[in-house]
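Worksheet: the structure to be examined is printed underneath.
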Amino acid sequence: MQSKSFNGAKTRKPCFEGTCEAMDKLGIPRDSKWRALILFMRSIRDYDIYSDDQKRKMQELVVDILKKGDLTEERFMTASQRCEEILAAKWREKLERSLADMASAIAHSKEMILKRKGDLQLLEVSTLTQVSSGNNLDEMLESIRGGFQDVIRYMEQDAKDLERLSRTDALTGLANRRAFEEELSQAVERAKKGGATLCVLMADVDHFKKFNDEYGHIIGDQALSAVASVIRECQRQLEEEGTTVFASRFGGEEFTVICETKDSNGDESVLLAEMIRKRVEAYNFVIRNLDGGIMHTGVKLTISLGVACLDPAWKDSLPLRLLNAADEALYQAKQTGRNKVVAR
């Protein structure tokens, strides 16, 4: 069996102890792909990059081929595949270990997220043993892919939750001042484009400092939460009628409401303010101690509100102008007796 060297001289390819003779006896042509495969497998034992176990398995495969003499195309494909598996075994083992480590890290991340979210039931069914180094490689990859998707989904939900919390007043559950200011800017832009009439309500609980001095700040917080509930109920009622309402706690005992109405003069906003005022006035506050026991019933509070609508004559700083106008109307309501609505 001849081949050319780099300088053009004729050289003989190496043959191995008995291997070529065995192939000659089997009638394997010298230019056959079977002969090339067998010689390649036989040469593996001379390379240090392969382990003793790989070399042993490869030689066993060579012996098996020569012994059975099955030289069909099907047998060739099977032998080639087995050869590939033997050669890739070391790297596959390392890959599987790395994938198992990755899968374990993903599972640990899922566990921490689920524990933090308090979703213990989901944590129970999310097992850490679904991925192990003994699993099929394709199954491991599928598990890792699913794990990544779970972690990404949890992180996206966390981001949404954090965004929602950053825009929510912790005490009342209404939107906070930051969310109000962002919403007001967007509402102004909508109004400038010819949308609904835009009005802002600013409300302040009357004599709230006196209330806090008498009952304490913890009870005061209960009262603010109750006022927020009244505002939320009024908001829900108008939204069911097709009016866009955005309620928030502006700070302390002050609340703000953005109202986008279909009427041209802002009458709906004034009606909303009156609805809030009357319901707060009629509300019988129940004061409880830290253990939930009732300390006082029938406690009354009132609220003053100022209403202002966007003026087409304003040219700049529209959100600030609108908020200032509502604040001035609120100041007038408080200066003229409280528990009333003043519209500008």
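Odds and ends about this structure:
- One residue stands out among those in the range 189-229 that are open to solvent by 10 Å² or more (accessible area, probe 1.4 Å) and among the aliphatic types (A, V, I, L, M): the one that is modelled with the lowest pLDDT, which is Ala196.
- When Cys309 is tested against (1) under 18 Å from Ala187 (Cβ atoms); (2) touching a Lys or Arg at 6+ places or on another chain (Cβ under 6 Å), just one condition goes unmet, and that condition is (2).
Condition check ((1) in contact with a Pro (Cβ under 8 Å, 6 or more places away or on another chain); (2) of a type in the set (Lys, Arg); (3) open to solvent by 60 Å² or more (accessible area, probe 1.4 Å); (4) part of a helix (DSSP H, G or I)) across all residues:
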| residue | (1), (2), (3), (4) |
| --- | --- |
| Arg249 | no, yes, no, no |
| Ile258 | no, no, no, no |
| Val270 | no, no, no, yes |
| Leu290 | no, no, yes, no |
| His296 | no, no, yes, no |
| Leu301 | no, no, no, no |
| Gly306 | no, no, no, no |
| Ala313 | no, no, yes, no |
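- Residue count for the range 247-268 satisfying the condition of being within 20 Å of Glu182 (Cα to Cα) and touching a Cys at 6+ places or on another chain (Cβ under 9 Å): 6.
- Residue match in the range 86-102 (condition: at pLDDT below 85, open to solvent by 70 Å² or more (accessible area, probe 1.4 Å), assigned to a helix (DSSP H, G or I) and under 26 Å from Met23 (Cβ atoms)): no
- For the range 165-201, a residue qualifies if it is on the phi < 0 side of the Ramachandran plot and of a type in the set (Gly, Ala, Ser), and the qualifying residues are Ser166, Ala170, Ala175, Ala179, Ser185, Ala187, Ala191, Gly195, Ala196.
- When the test is whether a residue is farther than 19 Å from Ala196 by Cα and part of a helix (DSSP H, G or I), Val286 does not pass it.
- Residue that is least open to solvent (accessible area, probe 1.4 Å), among those in the range 36-83 that are outside any helix (DSSP H, G or I) and at pLDDT below 85: Gly69
The values are calculated or read from the model by the stated rules, or taken from the named source; none is laboratory data. Note that the structure is predicted; figures quoted are calculated from it, not measured. Using ideal geometry, Cβ is built from the backbone for each residue, glycine included, and neighbour counts are taken over all protein chains shown. Remember, those area values only see protein heavy atoms, side chains included, never the ligands or the DNA or RNA. Shrake-Rupley method; radii C 1.70, N 1.55, O 1.52, S 1.80 Å.
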